1. Spot the failing condition for ILE149; the list is (1) over 16 Å from the mean Cα position of the chain (by Cα); (2) under 26 Å from ASP193 (Cα atoms); (3) not charged (D, E, K, R), and only one is missed.
2. Out of region 247-272, which residues are under 16 Å from the mean Cα position of the chain (by Cα) and at pLDDT 95 or above?
3. Considering only residues of region 71-93 that are within 18 Å of the chain's Cα centre (by Cα) and among the charged types (D, E, K, R), which is surrounded by the most Cβ atoms within 10 Å (Cβ to Cβ)?
4. Can LYS98 be described as more than 20 Å from GLN50 (Cα to Cα), part of a helix (DSSP H, G or I) and in contact (Cβ under 8 Å) with a residue 40 or more places away in the chain?
5. Given the residues TYR37, TYR73, which is the only one that is touching a helix residue (DSSP H, G or I) at 6+ places or on another chain (Cβ under 9 Å) and without any contact (Cβ under 8 Å) to a residue 24 or more places away in the chain?
6. Output the number of residues of region 1-20 satisfying the condition of being under 11 Å from VAL270 (Cβ atoms) and assigned to a helix (DSSP H, G or I).
7. Which ones in region 149-179 are charged (D, E, K, R) and farther than 22 Å from TYR73 by Cβ?
Amino acid sequence: MELSVASIVYQWAGMPLYRAIDHIADLNFHYVDVLNYKRWQPANEPVANQLRVAKKMEQNDMAAATIIVLPDYQLGTDKKDEQEHDLAQLKRAGRFVKRCGGNQILICKAMGLRQFGQTPEQVKARAVDRLNEFGEFCQSEGLNMVFEIEPPYIDMLNSVKDMRWLIDQVTTTRAYANVDIGHFTLLLESAEDLAPLKDDILHVHLSDNDGYSTEVDCLLGEGVVDFSSYLDKILALGIEENCRKANTACTCAIEVADGDGVIAHPDDMVLKSYNYMLKCYPYFRGEDNQ
């Protein structure tokens, strides 16, 4: 399992992905989790621009480990035009990550959002229909579909139990779990709670927080997250073998941002977080954790 970085910290700092690649390469990372969300959607760029990004990654011995997609609407919507829009968005993201040497697509809020006037079962059923429709595309394109649990109550996917259920509902392709350790901490899901996902963990996000504020993603080591216990369990459950079977890179991405949305020095944030992980988890220094 190799340390990587999520591009969010650079994109939120106002840096296009094409420029961010140089910064990420200078810090000696070989994999990047590409953010594809709201106005930061490189998969919406013309194909020529996407190929420029892919070429620059290749020149820097880098690849996209995954692309992080938050659908513009939400997968549980009952509006046909929104369903079609989100499906097209996911397909564009899948093509982009393949151009950049990767084969994972991480779908955020994959079970949909709670809606007034509709039961959770109705929302989940529509989300599952969209995922299975997209699963056919993933199967044909050799993509690995990945989900993560989300802290806000409005999200339908916010427990290991939910994750286990959703993975089992996807029948058109193999689905997997991303373990965002900061999210698990906020939702009071311990490292031991990961056991039901043993064969399904394919990716990891290293995010930190204060234990109660959602989506803070502060510098690693400045919050309350106990990374070691989760990483020990993730490795023990066999993430490396899961990735080998799925023919995908085994990485865990440093995901830092700023709750206020103001990022002046993204390189500093990444480097400080990287050094913290080297200090707190000997595995990343090539040493035995025991």
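The values are calculated or read from the model by the stated rules, or taken from the named source; none is laboratory data. These numbers were taken from a predicted model, which means no experiment stands behind them. Because the Cβ atoms are built from the backbone with ideal geometry, glycine has one as well, and the counts that use them run over all protein chains shown.
1. It is condition (1) that ILE149 fails.
2. If the condition is that a residue be under 16 Å from the mean Cα position of the chain (by Cα) and at pLDDT 95 or above, then THR248, ALA249, CYS250, THR251, CYS252, ALA253, ILE254, GLU255 are the ones that fit.
3. So, considering only residues that are within 18 Å of the chain's Cα centre (by Cα) and among the charged types (D, E, K, R), the one surrounded by the most Cβ atoms within 10 Å (Cβ to Cβ) is ASP86.
4. Details: more than 20 Å from GLN50 (Cα to Cα): no; part of a helix (DSSP H, G or I): yes; in contact (Cβ under 8 Å) with a residue 40 or more places away in the chain: yes.
Spelling it out, it is not the case that LYS98 is more than 20 Å from GLN50 (Cα to Cα), part of a helix (DSSP H, G or I) and in contact (Cβ under 8 Å) with a residue 40 or more places away in the chain.
5. Numbers: TYR37 fails: without any contact (Cβ under 8 Å) to a residue 24 or more places away in the chain.
Matching residue, one of TYR37, TYR73: TYR73.
6. First pass over region 1-20, keeping only residues under 11 Å from VAL270 (Cβ atoms): 3-10, 13, 20.
This time we only want the ones that are assigned to a helix (DSSP H, G or I), so: 8-10, 20.
Matching residues across region 1-20 total 4.
7. Kept after step one, since they are charged (D, E, K, R), are these residues of region 149-179: 150, 155, 161-162, 164, 168, 174.
Once the filter is applied, which keeps residues that are charged (D, E, K, R) and farther than 22 Å from TYR73 by Cβ, region 149-179 yields LYS161, ARG164, ASP168, ARG174.
Residues are listed down the side, and each one gets a yes or a no for (1) more than 22 Å from ILE68 (Cβ to Cβ); (2) surrounded by 15 or more Cβ atoms within 10 Å (Cβ to Cβ); (3) not small (Gly, Ala, Ser):
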residue: ALA191; (1), (2), (3): yes, yes, no
residue: HIS203; (1), (2), (3): no, yes, yes
residue: SER207; (1), (2), (3): no, yes, no
residue: GLY211; (1), (2), (3): yes, no, no
residue: LEU219; (1), (2), (3): no, yes, yes
residue: LYS233; (1), (2), (3): yes, yes, yes
residue: LEU237; (1), (2), (3): yes, yes, yes
residue: GLU240; (1), (2), (3): no, no, yes
